[in-house]
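The numbers here are math on the coordinates, done by the rules we state, and not lab data. This is a predicted model, so every value here is computed, not measured. Note that each Cβ is placed from the backbone with ideal geometry, even for glycine, and that neighbours are counted across all protein chains shown.
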Amino acid sequence: MTKTAIISKNPLHYVYALIWLSLFTAMAVYIFTGKAFLPDANNKISVVAILIAWVAEYLTQTGTGILVLLIGLFVAYKTITVNQKQS
C-alpha cells in the first residue's frame, strides 16, 4: 500500500471489488481456453477478439490470461482503497 491509501471501511467497496475481480477472472478464463478467438454463429470474429489475439501473439495465450487477471487484481485493489487526506 502507498502512504496516501488506506483500506476502505465501506462494505460496498468490497462488493464492487469482488464484481470487478470476477469479471476480469471470467475474461481471463475465456482467453485462456481459446473460446475468445473462435468465430460466432455468423462466422465473424469480433474486433475485440482480434485485438486480444494481437496481444496474445506476443505474450502467449497464458500470459495474456495472467495479464488480464493481474489487471483485475489491480482494479479490485484500487476499488477497496481510498486516498487519505494530507494534513
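Lysines near Lys78 by alpha-carbon distance under 28 Å, same-chain residues fewer than 8 away left out - which ones? The reachable lysines, counting only those whose Cα sits under 28 Å from Lys78, are Lys3, Lys9. Compared with the dominant principal axis of the Cα atoms in the chain, helix 47-80 is inclined by about 20°. In this calculation the C-beta distance from Leu51 to Thr4 is compared with R0 = 41 Å, giving a FRET efficiency of 0.75. What angle, in degrees between 0 and 90 and rounded to the nearest 10, separates the Cα long axis of helix 11-33 from the longest principal axis of the Cα atoms of the chain? It is inclined by approximately 20 degrees.
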